[in-house]
Every structure is written in structure tokens, then in C-alpha cells.
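For reference, the structure discussed in these notes is given below.
Rule-based calculations on the coordinates, nothing more; no lab input. Predicted model, so just to flag it, every value in this text is computed and none were measured. Don't worry about glycine lacking a Cβ; one is built from the backbone with ideal geometry, like all the others, and counts go over all protein chains shown.
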């Protein structure tokens, strides 16, 4: 088998490669910018959903945009403000312990503690809006999508911020004529949409 190199034209091959590269770079440029625009729109929707969650919990939505303060109130909506403070302490320890102990084992243990606390937070956030364990798994694995569902969906805040302070003033549960037991903060039946008697 022999190759005929007399018909080989390096200039033509170079031009073809340059054209292919220009075409590919133009397409990849459009794809990258399109993906960035979609991600930016999704981030804006995510923040708006959190603002709506704050409003559903009767909190000023502006708190969402204050960096650490907003996170504190996100944990309080789920009735686990104490988790926020433990996570802050874990973050400080995770930064200091490897330097002091010269070992990564404490950081791994703190990582497991943080994971457990985040799972607890997701469960309590779902419960604060009257959602079950399936919704909790959605918050764990598809967090932004399920935050959008909480913010823009029909679920209402059924938890109470600072329950020890508001337990005496919490409205009692009521039963509708259809037999559905509704939380005290609802003015209509969850099942049949009839107004509260």
C-alpha cells in the first residue's frame, strides 16, 4: 500500500481546519453565552422564590438579600435557627482544626455533621409548609426546583417562627364539614376549599 503525496495540498487542508475551528468556536460561544443567560435567569427566579417564601412566613422579603442575616432567617423559617449557629461553629472549626491538629479527620467528621444538619433542615423546611418526606427528598436532590415549587406553588406556611413565644397565641386546629382537620392558620379547608366556619 503506497500513499500518493503529490495530491496533498497543505494550504487547502489548513483553510478547511481554520473554517471548521471558526464554525466550532462561534457555536460554542453561543452555547456558553446561552447557558450563562439561562443560569442567570434561574438564579433570579430562585431568589424571587425565596422572597415569596419569606412573604408566606410573614417576614419582610428584603431580609433575604442580607448575606448572613438572610441565611439565619431561612433556617428560622424551618424552625431550626439553632442549626444555623451550629453550622457557623462547624465552619469555624473546619477552618481552624486542620491547622491545629494537622489532620483532615476532624474536618471529615465535621462534614458528616454538616450533612446531617442540612438533611434535618430540609426535612423541617418541607414540614413547615405542610409537605411530606417525598418533598424532602426533592429538596435534597433537586433543591432549586423544589424551592421554586415552595415559593411559587400553592403551599402555605404552616410552621411558626419562634414556637415557644407564639405557642400561647397559636390558633387551634379546626375541622371542616368534609371531615378534614385543618391547621389553625388556615381560613379555608385544604381539601374542599370551603371557608372556615
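Exposure proxy check: 181, 107, 68 ranked by fewest other beta carbons within 10 Å? The partial results should precede the final answer.
Numbers: 181 11, 107 15, 68 8.
Taking fewest neighbouring Cβ atoms as first place, the list is 68, 181, 107.
Given a cut-off of under 8 Å on Cα pairs at least six residues apart, what relative contact order in percent is computed for the chain?
17 percent
Evaluate Rg over Rh across segment 17-154, taking Cα atoms for both radii and Kirkwood's formula for Rh. Radius of gyration relative to Kirkwood radius: 1.13.
Taking 60, 98, 183 as the candidate residues, the one with maximal mean-square fluctuation in a Gaussian network model of the chain, Cα springs under 10 Å, is 98. Here residue 66 and residue 107 are evaluated by their C-beta separation; at R0 = 25 Å the FRET efficiency comes out at 0.30. Here the residues 31, 190, ranked from fewest to most Cβ neighbours within 10 Å of their Cβ, fall in the order 31, 190.
In this calculation the C-beta distance from residue 175 to residue 133 is compared with R0 = 35 Å, giving a FRET efficiency of 0.90. Taken along the Cα-to-beta-carbon direction at a fixed 7 Å, the label points for residue 188 and residue 28 span 5.4 nm.
Residues considered: 146, 84, 93. Largest GNM mean-square fluctuation over the chain, using C-alpha springs under 10 Å, is found at 93. Cβ-to-Cβ counts within 10 Å put 71, 79, 19, 11 in ascending order as 11, 19, 71, 79, the fewest first. Subtracting the Cα-Cα distance of residue 11 and residue 55 from their residue separation scaled by 0.36 nm leaves 9.3 nm.
Under Stokes-Einstein, with the Kirkwood radius over Cα pairs standing in for Rh, what whole-number D in µm²/s applies to segment 62-109 at 37 °C and 0.692 mPa s? The diffusion coefficient I find is 273 µm²/s.
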